[in-house]
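> I'd like to ask you about the structure that follows.
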Amino acid sequence: MAKFLVTGGAGFIGGNFLHIMVNRYPNDQYVCIDALTYAGNMETLEPIMNKPNFKFVHEDITNREAVYKLFEEEHFDYVINFAAESHVDRSIENPEVFLKTNILGTQVLMDACRKYGIKRYHQVSTDEVYGDLPLDRPDLFFHEDTPIHTSSPYSASKASADLLVLAYHRTFHLPVTISRCSNNYGPYHFPEKLIPLMIQKALRNEKLPVYGNGLNVRDWLYVGDHCNAIDLIVRKGRDGEVYNIGGHNEKTNLEVVKTILKALGKPESLIEYVKDRPGHDLRYAMDPTKIETELGWKPEHNFDTGIVATIKWNLENQEWLKHVESGEYQNWMKRHY
Ligand code: NAD
Ligand code: TYD
């Protein structure tokens, strides 16, 4: 039996991770802390709230005193840090909270790990720390040793955290691992991000705002495949190592949007080209060879199957979407578009 602290579990990826792991490992204990920012939603945790091996604590990872108290009480074996501010466009509007949560929050968690002792601290990071690749070089991919080269305050904050994690390993011998994953999609995805936003807009016959010329490329991975990769790394990965995660599903934004429109039987005339994102990364593409060969990870979904499952989930969960689209979300949509 092991005890896990999972931060940011009321968000998209952390929520999916908990749904899978709480059921997969009934003998392990999972404690989730989440500050319930605009992106955190208790309804996401509803399917596991009553499980005997799950507990929720409403707390901010930057609150050092509260985090230490929790570590003292719970004696965690593993800490998996999903908690973050995660939307690039919001980081362009207001970088400060990104630095606070993504960098200082990571530091607080690792300090607690040093003070109370753990078997492994895992940092959930992103391909965005590598910057972008040119569109005319499809032969290039991000490898684990590709230099860090960030574009947005979001990616800069995630890269800073990664460097801090590796520094805590080298200097304090903290047992750490880092995963850097490509763009996720799937159930419980907050509808400010491309895929769920476009599904919602198409369903309402509203214009679909595509930044710039729509030719930027993202490497899409179904969220469950990301969660399985993290599970493998935490249990079998090597201390101090970085693992890239991605499934070679590169698509231009236009391809993604057109796929959604087609699946929903909506016309392409709903596409509207809008002002480009400042500093917009051109292409992300991961080389996942290391996690495939070293840990035997393999994705179960490709984009064709994953997008069908995702659209189906969104159609069947309009209540969840309606709730997260109330309040602060409306202000963001008005300010941004
Ligand atoms: P999300 O925005 O959906 O969820 C973030 C969660 O963290 C929310 O529940 C929020 O309430 C919580 N949170 C924010 N600040 C907090 C704080 N100070 N203390 C405690 N909880 C706090 O994000 P996501 O898409 O699920 O991303 C999870 C992690 O995965 C992030 O670290 C992100 O950088 C990384 N990641 C995301 C993607 C992607 O495509 N979404 C890809 C690769 C890596
Ligand atoms: P996003 O989901 O925000 O993820 P990230 O910026 O972390 O990759 O955006 C994915 C791509 O979609 C990115 O190239 C920006 C683009 N995009 C749009 O064209 N329109 C939108 O309204 C949004 C939110 C994103």
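> What residues qualify as long-range amide H neighbours of R120, i.e. H under 5 Å apart, gap of 5 or more or another chain, H built at 1.01 Å from N?
V79
> For a quick check: with amide H placed at 1.01 Å from N, whose amide H comes under 5 Å from V217's, ignoring anything fewer than 5 positions away on the same chain?
R283, Y284
> Could you please report the charge total around K290, scoring K, R as +1 and D, E as -1 over all other residues with beta-carbon less than 14 angstrom from its beta-carbon? Don't skip to the answer; put the middle values down first.
Details: positive: R180, K236, R238, K298; negative: D127, E144, D145, E241, D287, E292, E294.
Local charge sum for K290: -3.
> Right, another one. How do 145-153, 227-235 rank on mean C-beta neighbours within 10 Å, highest first? Numbers along the way, then the final one.
Details: 145-153: 15.4, 227-235: 21.2.
For the peptides 145-153, 227-235, the packing ranking is 227-235, 145-153.
> Now a separate question. For K69, which aspartates and glutamates qualify as cross-link partners when the Cα separation must be under 19 Å and same-chain residues fewer than eight apart are set aside?
Filter leaves D34, E59, D60, D77, D111.
> Right, something else. What number comes out for the charge environment of S151, summing +1 per Lys or Arg and -1 per Asp or Glu over other residues with Cβ under 14 Å away?
Numbers: positive: K158, R218, R277, R283; negative: D89, D127, E128, D132, D276, D281.
With Lys, Arg at +1 and Asp, Glu at -1, the net is -2.
> Something else now. Which shape class applies to segment 70-140: rounded if a/c is under 1.5, otherwise prolate when a/b exceeds b/c and oblate if not, where a ≥ b ≥ c are the square roots of the Cα gyration tensor eigenvalues? Kindly include the intermediate steps, with their values, before the conclusion.
On the way: a/c = 3.89, a/b = 1.82, b/c = 2.14.
In terms of gyration-tensor shape, oblate.
> Something else: Using only the alpha-carbon atoms, how far is helix 105-116 inclined from the longest principal axis of the chain? Give it as 0 to 90 degrees, nearest 10.
Once rounded, one gets 20 degrees.
> Ordered by residue, what ³J(HN,Hα) values in Hz, to whole numbers, does segment 212-218 give under the Karplus form 6.51 cos²θ - 1.76 cosθ + 1.60, where θ = phi - 60° and Gly and Pro are x?
In residue order, the calculated couplings are x, 9, x, 9, 5, 10, 10 Hz.
> In Å and from the alpha-carbon atoms only, list the Rg and Dmax of the chain.
Considering the chain through its Cα atoms, Rg and Dmax are 19.1, 58 Å.
> Distance between Cα centroids, segment 235-261 to segment 174-226: provide it in whole Å.
10 Å
> Another question, then. If we count every other residue with Cβ under 10 angstrom of A10's Cβ, Lys/Arg +1 and Asp/Glu -1, where does the sum land? Let's see the in-between values first.
Values: positive: none; negative: D34, E43.
My count for the surroundings of A10 gives -2.
> Follow-up. Near the amide H of N249, under 5 Å away, which other amide H atoms are found, from residues 5 or more places off or on another chain, if H is placed in the peptide plane?
For N249, the qualifying residues are W220.
> Let me ask something additional. Accessible area per residue of the chain at 1.4 Å probe, in Å²? Present the calculation step by step, with values, prior to reporting the outcome.
On the way: 14250 Å² over 337 residues.
It amounts to 42 Å² per residue over the chain.
> Please give the peptides 27-34, 106-113 ranked by average Cβ packing (other Cβ atoms within 10 Å per residue), highest first, as a rough proxy for protection.
Details: 27-34: 20.2, 106-113: 22.1.
Result, highest mean first: 106-113, 27-34.
> Quick one: which of 4-13, 292-301 comes out on top by average Cβ neighbours within 10 Å, and what's the full order, highest first?
On the way: 4-13: 26.0, 292-301: 15.1.
Final packing ranking: 4-13, 292-301.
> By a straight-distance test (C-alpha under 22 Å), which lysines pair with K158 as possible cross-link partners, with residues fewer than eight away in the same chain excluded?
Partners within reach: K100, K193, K290.
> Still on this structure, I have one more. Is segment 289-337 best put as rounded, prolate or oblate by its Cα gyration tensor, with a ≥ b ≥ c the root eigenvalues, rounded for a/c under 1.5, and otherwise prolate when a/b is larger than b/c, oblate when not? Kindly include the intermediate steps, with their values, before the conclusion.
Numbers: a/c = 3.44, a/b = 2.07, b/c = 1.66.
In terms of gyration-tensor shape, prolate.
> Could you give the angle, 0 to 90 degrees to the nearest 10, between helix 64-74's Cα long axis and the longest principal axis of the Cα atoms of the chain?
Tilt relative to the chain: about 60 degrees.
> With θ taken as phi - 60° and the coefficients 6.51, -1.76 and 1.60, list the Karplus ³J(HN,Hα) couplings across segment 136-143 in order, rounded to whole Hz; mark glycine and proline as x.
Karplus-based 3J(HN,Hα) across segment 136-143 equals 8, 10, x, 7, 8, 9, 7, 10 Hz.
> Leaving out ligands, DNA and RNA, what percent of the accessible area of segment 3-336 is carbon and sulfur, probe 1.4 Å?
Within segment 3-336, the accessible surface is 51 percent carbon and sulfur.
> Another question about this same structure. Each residue of segment 157-173 in order: what ³J(HN,Hα) in whole Hz does its phi give by Karplus 6.51 cos²θ - 1.76 cosθ + 1.60, θ = phi - 60°, with x for Gly and Pro?
5, 5, 5, 4, 4, 4, 5, 5, 4, 5, 5, 5, 5, 5, 7, 10, 6
> Looking at the square roots a ≥ b ≥ c of the eigenvalues of the Cα gyration tensor of segment 18-145, which shape do they give, rounded for a/c under 1.5, prolate if a/b is larger than b/c, or oblate? Please list the in-between numbers first.
Values: a/c = 1.70, a/b = 1.56, b/c = 1.09.
Prolate, since a/c reaches 1.5 and a/b exceeds b/c.
> Percent of Cα-Cα pairs per 5 Å bin, from 0 to the last occupied bin, for segment 226-317, please list those.
Whole-percent P(r) values from 0 Å outward: 2, 10, 17, 17, 15, 16, 11, 7, 4, 1, 0.
The values are calculated or read from the model by the stated rules, or taken from the named source; none is laboratory data. Computed from a predicted model, the values in this text were never measured in an experiment. For neighbour counting, all protein chains shown are included, and Cβ atoms are generated from backbone atoms with ideal geometry for every residue, glycine included. Quick note on the areas: whole protein, heavy atoms, side chains included, nothing else; ligands and nucleic acids left out. Shrake-Rupley method; radii C 1.70, N 1.55, O 1.52, S 1.80 Å.
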